[in-house]
Amino acid sequence: MLKRTFVLGLVLLASTPGIAFSAGISAGFAALGSLAYTSFDALRCKIFVCCNDVWIPSNIEGLSRELAEKLHGQHLVQRTVIGHVKGHMRTSNPPKALVLSFHGLTGVGKNFVSRIIAENIYKGGLRSPFVHLISATKEFPHEGMVEFYKAQLKSWIEGNMTRCGRSMFIFDEVDKLPPLLLDVIKPYMDYYDELGGVNYRRGIFLFLSNSGGSAIAQTVLDHWQSGKKRVSLELSEVEGKVTRAAVNSDSHQGLWHSQLISNHLITAFIPFLPLEKSHVKKCITDALIDRKYFKKRHTIPSEVIDSVLKELTFTPTTEQIFSSTGCKRVSEKVDYVMMDREVVGKESWNMPGGRKDEM
Ligand SMILES: Nc1ncnc2c1ncn2[C@@H]1O[C@H](COP(=O)(O)OP(=O)(O)OP(=O)(O)O)[C@@H](O)[C@H]1O
Ligand SMILES: *[C@@H]1O[C@H](CO)[C@@H](O)[C@H](O)[C@H]1NC(C)=O
Ligand SMILES: [Mg+2]
């Protein structure tokens, strides 16, 4: 606004002959005004959250590093997530919004990866005003209120995307989302140039669900039984099964996915594999360090890790390969085991290096 007024004044003055001198002064003011405006904007965005690179740094390297360091046993997720996020961020004008559909059983890292993505793209991570975590059971609990929810969700997406076109929406527990809500979200994920004057193509939509999880687990089990290494499992061997399972599932989310697939709105299906003992052990180690029971990884006695592992159940009953709850509840089990250990006393563990020695 300010800038435009100055420029207009300058043009008016310059078009009048004989006042070239004052035009010069005016030009000076215009430059000053524009400078003041720009620095005011820069200052404002230093203090308040703005929809710019300062508040949305899109740190792809950080994302790659964190996924490599912190995410255990998900080689397909690591590869695909980085690839798609990178591809989406590379251009300021992507062809459509990035839509990733995360599938997998409980506790395998779907919310964990969403958080890592949010933290590396947005300052403040999940607390950023541009990141919206929408849980189906929390936000849309009553079946009879679908019409109201539709209007609400539409206004949320439009309101937030108008404020910032680089917003991210994470839909958790998509399996439990009323299917009609899809009609509301669909247009924003499409290839439209603009909808109502707003460009939705820089947005990011993540869908998290358990659907297809059993099919993924069966594939990994078959792979394991044929004696092949887990990391040799290719995306192409799982992808089709996930898509089919998600579409054909009995619950209503089948409808969800079939519509999204037929419209090519989902950029990619990301399969999360069930976690094995070796991965859970890493989660236990992480939790022991995180919760300050130990300072260094190598000082953790393997007995401590094993006693936490004993608190978890593994499937199938015969082979006992996959953790039934992934790495979920590992930190609680860690607290429980460490508490137990303090109560029973260190001598019964018969080893050095407990919490007390460390601190
Ligand atoms: N692959 C993993 N690597 C490292 N930590 C993990 C992994 N999976 C899960 N965790 C740990 O377990 C916790 C629970 O996982 P998360 O909430 O991501 O599970 P989920 O896949 O969303 O499960 P649900 O379907 O039950 O919601 C995470 O906060 C994280 O600490
Ligand atoms: C943005 O989305 C949140 C839900 O995450 C909602 O509470 C808020 O009202 C929305 N803002 C706008 C401007 O619509
Ligand atoms: Mg979850």
Exercise for the section: Run down 261, 266 and say which single residue is in a helix (DSSP H, G or I) and either more than 16 Å from ligand 3 (Cβ to nearest atom) or surrounded by 16 or more Cβ atoms within 10 Å (Cβ to Cβ) (or both). Expected result: 261
Exercise for the section: Could you list all residues from region 249-283 that are closer than 30 Å to residue 313 by Cβ, modelled with pLDDT under 90 and out of contact with any helix residue (DSSP H, G or I) (no Cβ under 9 Å at 6 or more places or on another chain)? Expected result: 250
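Yes/no per residue for (1) in contact (Cβ under 8 Å) with a residue 40 or more places away in the chain; (2) more than 16 Å from ligand 1 (Cβ to nearest atom):
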position: 101; (1), (2): yes, no
position: 107; (1), (2): yes, no
position: 111; (1), (2): yes, no
position: 125; (1), (2): no, no
position: 151; (1), (2): no, yes
position: 170; (1), (2): yes, no
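Could you grab me the full set of residues in region 159-177 that are aliphatic (A, V, I, L, M) and within 15 Å of ligand 2 (Cβ to nearest atom)? Spell out how you get there, then give the answer.
In the first step, residues of region 159-177 are kept if they are aliphatic (A, V, I, L, M); the result is 161, 168, 170, 174, 177.
If the condition is that a residue be aliphatic (A, V, I, L, M) and within 15 Å of ligand 2 (Cβ to nearest atom), then 161, 168, 170, 177 are the ones that fit.
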Exercise for the section: Tell me, yes or no, whether region 163-176 has at least one residue that is more than 17 Å from residue 135 (Cβ to Cβ), of a type outside the set (Asp, Glu), at pLDDT 85 or above and assigned to a helix (DSSP H, G or I). Expected result: yes
Handout entry: Leading residue by the ranking (farthest from residue 90 (Cα to Cα)) among those in region 39-53 that are under 25 Å from the mean Cα position of the chain (by Cα) and exposed (fewer than 12 other Cβ atoms within 10 Å of the Cβ)
Key = 48
Handout entry: residue 162 vs. criteria more than 16 Å from ligand 1 (Cβ to nearest atom), outside the structural domain of residue 324 (by TED's automatic domain parsing) and without any contact (Cβ under 8 Å) to a residue 60 or more places away in the chain
Key = yes
Exercise for the section: Can you tell me which residue among 221, 208, 180, 195 is buried (at least 20 other Cβ atoms within 10 Å of the Cβ), away from ligand 2 (no atom under 12 Å from the Cβ) and not aromatic (Phe, Trp, Tyr)? Expected result: 208
Problem - Selection status of residue 131, buried (at least 21 other Cβ atoms within 10 Å of the Cβ), among the aliphatic types (A, V, I, L, M), at pLDDT 95 or above and within 16 Å of ligand 2 (Cβ to nearest atom) - result: yes
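Can we say residue 157 is within 16 Å of ligand 1 (Cβ to nearest atom) and either of a type outside the set (Val, Ile, Thr) or in the same structural domain as residue 135 (by TED's automatic domain parsing) (or both)? Explain how you work it out, then say what you get.
Details: within 16 Å of ligand 1 (Cβ to nearest atom): no; either of a type outside the set (Val, Ile, Thr) or in the same structural domain as residue 135 (by TED's automatic domain parsing) (or both): yes.
It is false that residue 157 is within 16 Å of ligand 1 (Cβ to nearest atom) and either of a type outside the set (Val, Ile, Thr) or in the same structural domain as residue 135 (by TED's automatic domain parsing) (or both).
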Exercise for the section: Go through (1) modelled with pLDDT of 95 or more; (2) surrounded by 18 or more Cβ atoms within 10 Å (Cβ to Cβ); (3) not hydrophobic (A, V, I, L, M, F, W, C) and name the single condition residue 124 misses. Expected result: (2)
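The values are calculated or read from the model by the stated rules, or taken from the named source; none is laboratory data. Since this is a predicted model, take the numbers as computed values, not measurements. All Cβ positions, even for glycine, are placed from backbone atoms using ideal geometry, and neighbour counts span all protein chains on display.
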